[in-house]
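Reading through the structure tokens given below for one structure.
Each reported figure results from applying straightforward, stated rules to the coordinates on display, with no laboratory input. Source: prediction; values computed, not measured. Cβ sites come from the backbone with ideal geometry, for glycine too, and all protein chains shown count toward neighbours.
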Amino acid sequence: MSNEADGYEVGYGRPPKRNQFKPGQSGNPRGRPKGTKNLKTDLVEELAETVVVREGGEPKKITKQRAFVKSTIANAIKGDGKAASIFLRLAEQLLEIDSGTSADAQLRPEERDVLLAAVLRTSGENADEVGSDPTSASAEDDAS
């Protein structure tokens, strides 16, 4: 099908001129209005607002973000487990604390052998099954 008067070929990806969007017409007229904010923007703006708190008996203006951090840490110090969990998770994410580091990465080889020998003793496993040298475990036991 073609529109011979315009020289316009109608086909895949080329709808007839009468069905194309007019200049300034949206393809989704009832869609999200321009200028609406997403959740992240709302959260950032809300945390940037200031509140008045009493510290040491005198009022101070601080941001809601700062107030949240202060109250979370204060509750964690008082023994609130949920607050402590929130604080530790935030600290881990924001301060780039690597919680996935294993103890082996921080131990010297001699310390690792001692720990492996202790684990083997308590679990009743044979050192050969774990892939360790059985003489090093017994030599460590004799030395202590």
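Observations
- Whether region 39-94 is rounded, prolate or oblate, judged on the alpha carbon gyration tensor where a/c under 1.5 counts as rounded: oblate
- Set of lysines near K70 by C-alpha distance (under 19 Å), chain-local residues within fewer than 8 positions excluded: K60, K61, K78, K82
- Qualifying GluC sites (Glu not before Pro) in region 7-59, DSSP loop, other Cβ atoms within 10 Å at most 16: E49
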